[in-house]
Every structure is written in structure tokens, then in C-alpha cells.
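Colleague: Quick one: this structure, given as C-alpha cells, is what I'll be asking you about.
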Amino acid sequence: MVDLHLHLDGSLNPGNMSHMAQMSGISLPTTDEKEIKKLLMVEPDCTNLSEYLEKFELPLRVLQTEACLRYAVYELLRDLHDEGLCYAEIRFAPQLHTARGMSQESAVREAIDGLRCGIEDFGVRAQLILCCMRGDKNHSDNLETIRVAERFLGQGVCAVDLAGNEAAYPTESFADIFDEARKRRIPVIIHAGEAAGPDSIRKALELGAVRIGHGIHAIEDEQLMHILRERNIFLEMCYSSNLQTRTVDKAEDYPIRQFIQEGIKVTVNTDNVTVSNTTLRREYHLLQKQFDMTEEALKQIALNGVDATFLPEEDKAVLRERINKEFASWIK
Ligand SMILES: [Zn+2]
């Protein structure tokens with residue numbers, strides 16, 4: 001089972017938070033694990049992406065030291081292994097970890113270190129996706145993210161992404177950043193069609209995105225659906241998160257069945273294990289229940305996930321074999 005859309009800062013284990021806060025010299029309002037979990041989770045009355053993103057403030061306050069970043073990635077791999085995942089692409093924005101003087105390059109180096117130790121100790125495979133951030137004062141930070149991604153590409157880093165407030169900062173404003181990524185042959189993913197409409201997804205494709213984070217609003221544009229199908233663009237769907245940010249109004253409006261019927265390759269992911277209070281297995285179960293999906297259909301989604309990974313073909317073959325063998329027992 002693979003998770004391709006998983007943010008590090010939104011997936012910190014609440015059980016590790018006190019320790020991480022201590023490592024960073026930050027005091028938390030409580031040491032009770034249940035209370036900490038509540039601080040990290042999105043409120044049930046969340047109405048949009050911007051409110052959802054507020055839940056990242058505390059994790060980001062903690063993740064400002066080398067040791068903490070390394071520890072967080074390592075511990076996430078432990079959690080993913082415990083949940084039966086065989087591969088994950090973990091994303092984070094190095095520019096959000098520089099508040100106490102750490103450089104983007106150091107942040108990525110430490111995250112890779114945590115990744116390598118986790119892979120060795122837990123056997124789950126993983127790579128990093130580096131997020132550029134939507135904003136209007138961080139152009140040079142985004143360029144630095146691209147530079148650092150090139151530096152570590154194939155050595156723990158597999159792609160770059162664009163994350164943040166899609167409604168406030170339109171995709172087209174980041175064209176020159178992703179020109180740089182393409183020039184350097186770094187694979188591009190973009191969060192689009194989550195808090196903005198189909199045009200944002202079209203723009204993301206123009207900027208070279210080979211996968212779209214969410215892409216839910218593509219459902220409103222028949223011609224765009226055709227393009228996604230023809231170009232074999234994978235959608236990284238994150239059901240619980242998409243409901244929490246009100247990407248769709250009601251669960252029954254979630255377009256996963258229509259995408260599949262139209263021949264668009266969908267994948268199922270968590271987005272943020274802690275903020276969305278979910279797990280990958282839970283996401284599959286929720287979709288199975290809501291849309292009456294067969295085990296075979298769900299397995300096909302897991303196999304789409306393998307096709308969408310940034311891994312060499314021989315590694316994909318190994319993952320496919322494992323999913324074919326283990327999916328039935330994993331999904332129970
Ligand atoms: Zn995301």
C-alpha cells in the first residue's frame with residue numbers, strides 16, 4: 001500500500017509531540033496526549049482550506065531544529081510501517097523550517113537522514129517531495145527550494161510541489177518557479193483544483209505537473225477530464241481532507257466514481273494523518289462504504305498508486321507483487 005500525498009508537518013504522532021517540543025525548547029499548553037491530539041486536529045466545523053491550514057502552526061513551531069526534523073521523519077516511517085505501508089512519498093516545505101536559522105539545504109539533509117535511518121530500521125521505502133509555497137513574498141525561497149531539490153534529486157528527493165492557499169495565490173503566479181524546475185528536470189506536482197476551479201488545474205498542467213494534488217474540481221470541466229485521461233495524469237485524492245476543507249459540499253458529491261468511469265487514474269492518500277485524524281486504511285474503508293466500492297476496485301486504486309510513484313520500473317514491479325499478494329488481508 002502506498003501513500004503519495006502525505007505532509008510531514010500534518011502527520012506528526014501526538015504521542016511524540018511532548019518529546020519533540022522538549023527537543024526544541026517549546027512549551028506546549030498541555031502534556032496530555034489526548035489534549036495534544038485535539039490541538040493538532042482540524043475542528044469539525046472547518047469550512048475551508050485556509051482554516052485547515054491554521055492547524056499547521058503548532059507543528060511548524062516545533063519542527064525548527066535539525067534533530068527534531070530528523071526525528072519527525074524517522075518516527076513517521078515507524079508509523080507507516082506499523083500501518084502496513086510498503087512505500088510513501090512524504091512532502092514538506094523546507095522554507096517553513098528556517099525560522100530559527102536552519103537553511104533549506106540543512107532541513108532537507110536532516111530529513112533525508114531521518115528517512116535513511118527509518119528505511120533501514122523499519123523496511124518501509126520512502127522518498128521526499130519538496131513543496132514550494134503559495135505566497136507573494138517568498139519568490140527567492142521558492143527558487144531556493146528548486147535549487148535544493150536539484151541538489152538532492154535521486155538521493156532521497158523525488159519531486160517538487162506547490163502547496164498552500166490556492167484560493168489566495170493563483171497557480172499562474174508561480175510559472176517562473178516551475179520553469180526552473182523543468183529546466184533542471186525535476187518532476188513537478190502541484191496542489192490544484194482543491195480550493196480553486198478547473199482553470200487552476202489547467203495552469204498546473206501548463207507548468208509541467210505530472211500529478212495533481214487533489215484535482216477535485218476537474219469534474220466541472222469535461223474537456224479538462226479528457227486532457228487528464230489522454231495525458232495519463234494521476235490525481236492524488238484525499239477524501240477526508242477534501243471533505244474537511246469543503247472541496248465538495250457533501251460526501252455523495254465526491255467525484256471519485258465519475259473519475260474512474262471516465263478513465264482517469266485516481267490514487268487514494270491521507271494528506272495529513274494527524275490534522276485530518278485519519279489513516280490510509282481508514283480512507284479506503286470510508287470510500288468503500290460511501291461508494292459501495294468492491295475490493296477489486298480498491299486494489300486497482302492501490303496499483304494506480306504504484307504506477308504514479310517516482311520509482312524505477314523494477315521497484316514498481318516489486319510493489320505491485322506485494323499489493324497483489326497482501327491487499328485482501330490489509331483492507332480487512
Ligand atoms: Zn496536500
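No value in this document is a laboratory result; all are computed from the given coordinates. Since we're looking at a predicted model, the values are computed, not measured. Backbone-built Cβ (ideal geometry, glycine too); neighbour counts: all protein chains shown.
Colleague: Just to be sure I follow the rule: in the chain, considering lysines 8 or more places apart or on different chains, how many pairs have Cα atoms under 18 Å apart?
Modeller: Close lysine pairs under the 18 Å cut-off: 13.
Colleague: Starting from the Cα-Cα distance between Asn48 and Ala251, subtract it from 0.36 nm times their residue separation and give me the gain in nm to one decimal.
Modeller: This chain segment gains 71.6 nm when fully extended.
Colleague: Quick one: Debye curve from the alpha-carbon atoms of the range 100-205 only, equal weights, vacuum; give me log10 I(q)/I(0) at q = 0.12, 0.13, 0.19 Å⁻¹ to two decimals.
Modeller: -0.43, -0.50, -0.95
Colleague: With contacts defined as alpha carbon pairs under 8 Å and 6 or more residues apart, what's the relative contact order of the chain in percent? Working shown, then result.
Modeller: On the way: 586 pairs, mean separation 61.1, N = 332.
So the answer I get is 18 percent.
Colleague: So if I average 1/r over every pair of distinct C-alpha atoms in the range 154-288 and take the inverse, what Kirkwood radius in Å does that give?
Modeller: Computed over the range 154-288, the radius equals 15.2 Å.
Colleague: Give, in whole angstrom and from largest to smallest, the semi-axes √(5λ) of the equivalent ellipsoid of the range 1-65, with λ running over the eigenvalues of the Cα gyration tensor.
Modeller: Numbers: eigenvalues 81, 47, 28 Å².
Equivalent-ellipsoid dimensions as semi-axes: 20, 15, 12 Å.
Colleague: Can I ask one more? Over 20 Å intervals from 0, what percent of Cα-Cα pairs in the chain sits in each interval?
Modeller: Calculated over all Cα pairs of the chain, the distribution is 33, 62, 5 percent.
Colleague: What is the Cα centroid distance between the range 255-332 and the range 1-79, reported in whole angstrom?
Modeller: Measuring centre to centre over Cα atoms gives 24 Å.
Colleague: Which parts of the range 72-108 would a label at Lys37 reach, counting a residue when its backbone N lies under 19 Å from a point 7 Å out along Cα-to-Cβ?
Modeller: Residues passing the 19 Å test: 75-84.
Colleague: On a full-extension model of 0.36 nm per residue, what is the gain between Asp292 and Lys137, subtracting their alpha-carbon distance, rounded to one decimal in nm?
Modeller: Gain in length upon complete extension: 51.3 nm.
Colleague: How high is the FRET efficiency from Ala175 to Glu220, r the C-beta distance, R0 22 Å, rounded to 0.05?
Modeller: Here the calculated transfer efficiency is 0.45.
Colleague: Once the other residues with Cβ under 12 Å from the Cβ of Asp176 are scored (Lys, Arg +1; Asp, Glu -1), what is the net sum?
Modeller: -1
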